[in-house]
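Okay, structure first, notes after.
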Amino acid sequence: MQSLLWLVLVIAALGAASYWRLKLNVSTLLIAAVLAVGSIAGQVGQLAWLVFLLIALPLNISSIRKQYLSAPFLKIYRKIMPEMSRTEQEAIDAGTVWWDGEIFSGKPDWQKLHAVPAARLSAEEQAFLDGPVEEACRMADEWEINHKRADLPPELWQYLKDNKFFAMIIKKEYGGLQFSAYAQSRVLQKLSGSGIVLASTVGVPNSLGPGELLQHYGTQEQKEHYLPRLARGEEIPCFALTSPEAGSDAGAIPDVGIVCKGTWQGEEVLGMRLTFNKRYITLAPVATIVGLAFKLQDPDGLLGDEKDLGITCALIPADLEGLDIGRRHFPLNIPFQNGPVRGKDLFVPLDFIIGGPKMAGQGWRMLVECLSVGRCITLPSNSAGGTKSVALATGAYARIRRQFKLPVGKMEGVEEMLGRIGGNAYLMDAVTSMTTKALDMGEKPSVISAICKYHLTEKMRQVVIDSMDVHGGKGIVLGPNNYIGRGYQGAPIAITVEGANILTRNMMIFGQGAMRCHPYVLKELYAAANEDPKQALDEFDDALFGHIGFTISNKVRSFWFALTGARLAGAPFKDETKGYYQSIERYATNLAFLSDVAMGVLGGELKRRERLSARLGDILSYLYLATAVLKRYDDEGRQKADLPLVHWAMQDSLFRTEVAIEELLENFPSKVLGKALKLIVMPFGKRYSRPSDKLDHQIAQILQTPCDSRDRLGKGQYLSREESNPFGMLEQALDDILASEPLYDKVCKAANERLPFMQLDKVAERGLALGVLTEQEAELLKRAETERLRTINVDDFDSVELMADKSLLESGKKKSSKAA
Ligand SMILES: Cc1cc2nc3c(=O)[nH]c(=O)nc-3n(C[C@H](O)[C@H](O)[C@H](O)COP(=O)(O)OP(=O)(O)OC[C@H]3O[C@@H](n4cnc5c(N)ncnc54)[C@H](O)[C@@H]3O)c2cc1C
């Protein structure tokens, strides 16, 4: 019995060492100490010491460990690990690891998170948002842009150029604005509340494209020529990578450049003959310079021995003779400039390569390095901004629109949508703030960029669907009075571009995350690739035993957290958010543990088991999103009034995390192992459920009632109360309707009759006649009626107005006159 007690003590000491991740030698000393005390007490005998020494000595004496354990493992590892393609390698090498690495460590450092200062705008950036951005929003008439003109009006194009909207990323020394990533995000958020065409037209040149590539890789001459011209808006850039045959698999583009000699401006120079067929290229129809990606080949060895140099990026003037550019695609009725670019045997000098001839073949590395920054900003910001405006508008509409004698926003079914819209709006803004702050601190987080791109565009799509449902027919009937329908139409565009979402979720997030964020996987890979045998073994030994200790620790921690509900885990705050910090640590530990098991069981096959990989990526993603919510809550001064939004966003994210874990284990290749793992990480099932009806109700109230929380949700959006701004006018209508309700009640009481809440102008007259309203109050009721009607009314058209091709009208007339 006593011996059993000491065995339990040894296991407890091992568990504690694993939980606190003590080093191997420290853990060994701890066990030795327990055994020593047991020996002194006369309870631990020689056999126990023999077993201990047999295990501890080979593990702690590095020469024995390397020769008999690490070396054979290294041999097996080299055999089973699949070869990495150059493009995969370059994607893995690109960018940095930030909070994603903390999550993957299974023990996120909360101090590090909260030490990151809250994102703030400089005075210059704030002035730009209050001045030119506000004005650009005012100038953008969505109906005119989308329906009548299929383009921004010329004066808005000019305004954008004159005010350097296309130069937010260009450094001041070249005449650009050199805004922080956070400021760029806020600009795009505000613009996207005013229309997709405007936001995407501004977003694209500031994202991945010639400006970004030139600043990082351009020769001094290229920078000095192009950047000031781009900053002044004298050049409009586009970037052409996608081909009909190569969409998601962009590394497989069939477009080529053949190195050869040719004549350029009357002189014989070394250059390349380009043949390419690109499609879907944003801004191409109006571009003056085209960033072009193609595969460079040097069959005659004019540059050296290498015949296939690989993907290369060059800048081609749009007026190059023979360049076929200018035609337009028509993306889902959202007519931003987008079209094909084609060329056959076009000769340009080698100097057109971005960075000059020395950057031949470096195109893919350039693209993946820059993509992580742009992908964190443009689409996530457009999605968050659109969602924020939609959240306020839907709340206002739901409060104003009545059916069954009640505002529809008071119906429980509608509250479900409002809860989802508000909770996601809070979360999405949190994610863009935290992520762009990381960019401003110098991070280039490639995994986080994929998380933001995927989840924020998906959430935007859900929000816009919910908003459409709440608006009913008002959302469906297009016209100047419709402020939501185009967002619904355009949602799939954001889903598809910059890495289509199915691919992003299933292949990229965990595919890159496991390699990049895991503390040991990449080290093992690099050690195995090291050609120096001694160095390789030393490095591999280090990584392997670090990895084994990491996995054991995560297993112990996972089980302990499951038993205790992580209630003993540390948290930086002791308030309503404490449990969320603890849960994030718990599931981060689960992620680290389950990733190791999945990689151990499936090895390279995990890459092909996309749905398992996607679920591991989901766990990482939801924990990242949840962290951003906690950070926002703290950055904004822990506003208690926002707690319903915080609770909703946290519970939704943690519930989805648990679903991802559960589905991963249910679909694990070995059912037995899946069940065993569930016993370790989630023996009592899920802890979280979907946000409750009560939370949805509280958020629905926030969206429908002017208050500080609502203001914070819509912060920075274009809400000026002007006739031309439907979102601003909805805010005005909401205020007026709410202010008129007690007046309406007063009239009903005096009339001793429950009047319908409509024709408020007549209610006003009645109130005046009954002597219960002042002139001013009657005016308010009349104005509220005008606002109410504007809110619920939709447009109608003469059928001729809707015909895109008016010439059909003539032929129709001819036909009917013939028939007559
Ligand atoms: C409006 C618009 C603007 C664009 N602007 C530009 C631009 O300016 N410049 C530019 O170069 N390109 C641009 N693109 C191209 C865009 O980035 C590509 O469309 C995108 O990469 C997807 O390619 P695809 O449409 O051919 O889809 P496909 O590659 O044919 O994919 C079809 C589906 O299969 C999925 N899929 C593919 N591979 C996998 C996989 N391994 N695992 C799981 N799912 C997978 C995808 O997620 C997608 O859902 C634009 C596209 C559009 C529509």
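The values are calculated or read from the model by the stated rules, or taken from the named source; none is laboratory data. None of the values given here were measured: they were computed from a predicted structure. Cβ: placed from backbone, ideal geometry, glycine included. Neighbour counts: every protein chain shown.
Do you know which residues across region 200-233 are small (Gly, Ala, Ser) and either under 22 Å from residue 450 (Cα atoms) or assigned to a helix (DSSP H, G or I) (or both)?
Step one: of region 200-233, the residues small (Gly, Ala, Ser) are 200, 203, 207, 209, 211, 218, 231, 233.
200, 203, 207, 209, 211, 231, listed by residue number.
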Filtering region 125-156 for residues that are without any contact (Cβ under 8 Å) to a residue 12 or more places away in the chain, more than 22 Å from residue 485 (Cβ to Cβ) and either touching a helix residue (DSSP H, G or I) at 6+ places or on another chain (Cβ under 9 Å) or of a type in the set (D, E, K, R) (or both) leaves a count of 2
In region 151-171, anything over 28 Å from the mean Cα position of the chain (by Cα) and aliphatic (A, V, I, L, M) is listed as 156
With the first residue restricted to region 737-765 and required to be touching a residue at least 24 places away in the same chain (Cβ under 8 Å), and the second required to be of a type in the set (Asp, Glu), Cβ contacts under 6 Å at 6 or more apart or on different chains are 743/777; 760/785; 761/785
For region 496-509, pairs from a residue that is free of Cβ contacts under 8 Å to residues at least 12 places away in the same chain to a residue that is more than 6 Å from the ligand (Cβ to nearest atom), with Cβ under 6 Å and 6 or more apart or across chains, are none
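If I filter region 159-171 for residues that are touching a Leu at 6+ places or on another chain (Cβ under 6 Å), basic (Lys, Arg) and either at negative phi or modelled with pLDDT of 95 or more (or both), do I get at least one hit? Working first, answer last.
So the first thing to find is which residues in region 159-171 are touching a Leu at 6+ places or on another chain (Cβ under 6 Å), and the list is 164, 167-168, 170.
Subset that is basic (Lys, Arg): 164.
Next cut, either at negative phi or modelled with pLDDT of 95 or more (or both) only: 164.
Yes, region 159-171 has at least one match.
Keeping to region 14-34, report how many residues are assigned to a helix (DSSP H, G or I), more than 13 Å from residue 48 (Cβ to Cβ) and among the hydrophobic types (A, V, I, L, M, F, W, C).
Residues flagged as assigned to a helix (DSSP H, G or I), more than 13 Å from residue 48 (Cβ to Cβ) and among the hydrophobic types (A, V, I, L, M, F, W, C) within region 14-34 amount to 8.
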By residue number, the members of region 234-257 that are crowded, with 19+ Cβ neighbours inside 10 Å, in a strand (DSSP E or B) and away from the ligand (no atom under 11 Å from the Cβ) are 257
Across region 615-634, the tally of residues that are within 20 Å of the chain's Cα centre (by Cα) and surrounded by fewer than 23 Cβ atoms within 10 Å (Cβ to Cβ) stands at 1
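Residue-wise test of (1) within 16 Å of the ligand (Cβ to nearest atom); (2) more than 19 Å from residue 335 (Cα to Cα); (3) surrounded by fewer than 24 Cβ atoms within 10 Å (Cβ to Cβ).
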position	(1), (2), (3)
466	no, yes, yes
476	no, no, yes
484	no, no, yes
493	yes, no, yes
496	yes, no, yes
505	yes, yes, no
Among residues of region 280-333 being surrounded by fewer than 17 Cβ atoms within 10 Å (Cβ to Cβ) and assigned to a strand (DSSP E or B), the residue farthest from the ligand (Cβ to nearest atom) is 308
Checking 526, 580 in turn, the sole residue that is out of contact with any Lys or Arg (no Cβ under 6 Å at 6 or more places or on another chain), away from the ligand (no atom under 16 Å from the Cβ) and more than 21 Å from residue 627 (Cβ to Cβ) turns out to be 526
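Here are some residues: 561, 540, 510. Which one is more than 16 Å from the ligand (Cβ to nearest atom), touching a Leu at 6+ places or on another chain (Cβ under 6 Å) and not polar (S, T, N, Q)?
Residue meeting the stated conditions: 540.
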Those residues of region 513-526 that are in contact with a Leu (Cβ under 9 Å, 6 or more places away or on another chain), buried (at least 21 other Cβ atoms within 10 Å of the Cβ) and under 23 Å from residue 27 (Cβ atoms) come to a total of 1
Picked from region 510-533 (must be outside any helix (DSSP H, G or I) and touching a residue at least 40 places away in the same chain (Cβ under 8 Å)), the residue nearest to residue 447 (Cα to Cα) is 518
Of those in region 584-624 that are of a type in the set (S, T, N, Q) and closer than 17 Å to residue 105 by Cβ, the residue nearest to the ligand (Cβ to nearest atom) is 621
Verdict on residue 2 being surrounded by 13 or more Cβ atoms within 10 Å (Cβ to Cβ) and over 47 Å from the mean Cα position of the chain (by Cα): no
Of 191, 214, the only residue that is away from the ligand (no atom under 16 Å from the Cβ), crowded, with 23+ Cβ neighbours inside 10 Å, within 30 Å of residue 460 (Cα to Cα) and touching a residue at least 24 places away in the same chain (Cβ under 8 Å) is 191
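Yes or no: region 340-349 includes at least one residue that is within 16 Å of the ligand (Cβ to nearest atom), assigned to a strand (DSSP E or B), among the hydrophobic types (A, V, I, L, M, F, W, C) and touching a Lys or Arg at 6+ places or on another chain (Cβ under 8 Å). Give the steps one after another, and end with the answer.
Kept after step one, since they are within 16 Å of the ligand (Cβ to nearest atom), are these residues of region 340-349: 340-343.
Add one more test, that the residue is assigned to a strand (DSSP E or B), and what stays is 340-343.
Of the ones still in play, those that are also among the hydrophobic types (A, V, I, L, M, F, W, C) are 341.
Applying the additional criterion that residues be touching a Lys or Arg at 6+ places or on another chain (Cβ under 8 Å) yields 341.
The answer is yes; a qualifying residue exists.
Could you please let me know if residue 263 is more than 39 Å from the chain's Cα centre (by Cα), of a type in the set (S, T, N, Q) and more than 16 Å from the ligand (Cβ to nearest atom)? Break it down into steps so the answer makes sense when it comes.
Values: more than 39 Å from the chain's Cα centre (by Cα): yes; of a type in the set (S, T, N, Q): yes; more than 16 Å from the ligand (Cβ to nearest atom): yes.
Yes: the conditions hold for residue 263.
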Residue count, region 5-26, condition of a type in the set (Gly, Ala, Ser) and either in contact (Cβ under 8 Å) with a residue 24 or more places away in the chain or under 10 Å from residue 553 (Cβ atoms) (or both), comes to 3
Margin query: So for region 644-655 (the condition being in contact (Cβ under 8 Å) with a residue 60 or more places away in the chain, loosely packed, with under 15 Cβ neighbours inside 10 Å and not in a loop (DSSP other than H, G, I, E, B)), does at least one residue qualify?
Written below: no
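Before we move on, is residue 442 more than 16 Å from the ligand (Cβ to nearest atom) and either of a type in the set (A, V, I, L, M) or surrounded by fewer than 20 Cβ atoms within 10 Å (Cβ to Cβ) (or both)? Break it down into steps so the answer makes sense when it comes.
Values: more than 16 Å from the ligand (Cβ to nearest atom): yes; either of a type in the set (A, V, I, L, M) or surrounded by fewer than 20 Cβ atoms within 10 Å (Cβ to Cβ) (or both): yes.
Criteria met by residue 442.
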